[in-house]
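The values are calculated or read from the model by the stated rules, or taken from the named source; none is laboratory data. Remember, predicted model here, so these are calculated numbers, not experimental data. Neighbour counts run over all protein chains shown; Cβ positions are idealised from the backbone, glycine included. The area values use the complete protein model at the heavy-atom level, side chains included, leaving out ligands, DNA and RNA. Shrake-Rupley method; radii C 1.70, N 1.55, O 1.52, S 1.80 Å.
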Amino acid sequence: SFIGEESVAAGEGSILTDNPTWIIDPIDGTTNFVHRFPFVAVSIGFVVNKKIEFGIVYSCIEDKMYTARKGKGAFCNGQKLQVSGQEDITKSLLVTELGSNRDPETIKIVLSNMERLLSIPIHG
């Protein structure tokens, strides 16, 4: 099976089944792309039995290829990635994205989450 982000965004329905499924977003960061903000990627995932098996994200402008496989770790241009190990959120950098859904109930939830995050003395 195949699920394309652009077709879903255009209103086409999609149902994730247990069948092997490719999930592809050819312009991940469409808003960035439209505004010439240089954080755009091609994102591809492969799912079996509704569980992700591997993913690939190619950051076109940076020429960086991120890959990850279930149980095998994540890499950038072949170099292994790892989390920082920082456990104190006040010493961490927090980055968030508000999403594109402008449904009033969704906005209420997003703003509530942001309010909780902003009450923590974080960097970001």
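For the reader, a short list of remarks on this structure follows.
- Taken over the stretch 70-108, residues that are among the hydrophobic types (A, V, I, L, M, F, W, C) and touching a residue at least 24 places away in the same chain (Cβ under 8 Å) amount to 4.
- Restricting attention to the stretch 35-45, the residues being out of contact with any helix residue (DSSP H, G or I) (no Cβ under 9 Å at 6 or more places or on another chain) and surrounded by 17 or more Cβ atoms within 10 Å (Cβ to Cβ) number 3.
Residue by residue, here is whether (1) out of contact with any His (no Cβ under 7 Å at 6 or more places or on another chain); (2) among the hydroxyl-bearing types (Ser, Thr, Tyr); (3) at negative phi holds:
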position: Asn77; (1), (2), (3): yes, no, no
position: Gln82; (1), (2), (3): yes, no, yes
position: Thr90; (1), (2), (3): yes, yes, yes
position: Val110; (1), (2), (3): yes, no, yes
position: Ile120; (1), (2), (3): yes, no, yes
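- Test for Ser92: is it over 30 Å from Phe2 (Cβ atoms), surrounded by 10 or more Cβ atoms within 10 Å (Cβ to Cβ) and of a type outside the set (Val, Ile, Thr): yes
- Odd one out for Tyr58, checked against (1) outside any loop (DSSP other than H, G, I, E, B); (2) over 23 Å from Phe2 (Cβ atoms); (3) free of Cβ contacts under 8 Å to residues at least 24 places away in the same chain: (2)
- Against the conditions (1) out of contact with any helix residue (DSSP H, G or I) (no Cβ under 7 Å at 6 or more places or on another chain); (2) in a loop (DSSP other than H, G, I, E, B); (3) not assigned by the TED database to the domain that holds Ser14, Leu98 satisfies every one except (1).
- Every pair of residues 6+ apart whose Cβ atoms lie under 6 Å, when the first sits in the stretch 16-34 and is open to solvent by 60 Å² or more (accessible area, probe 1.4 Å) while the second is assigned to a loop (DSSP other than H, G, I, E, B): Leu16/Lys50; Asp18/Asn49; Asn19/Ser1; Phe33/Val40
- Residue-level check: of (1) open to solvent by 100 Å² or more (accessible area, probe 1.4 Å); (2) of a type outside the set (Ser, Thr, Tyr); (3) modelled with pLDDT of 85 or more, His123 misses just (3).
- The condition (being modelled with pLDDT of 90 or more, among the charged types (D, E, K, R) and either surrounded by 12 or more Cβ atoms within 10 Å (Cβ to Cβ) or under 27 Å from Arg36 (Cβ atoms) (or both)) is satisfied by just one residue among Glu97, Glu62, Glu105: Glu62.
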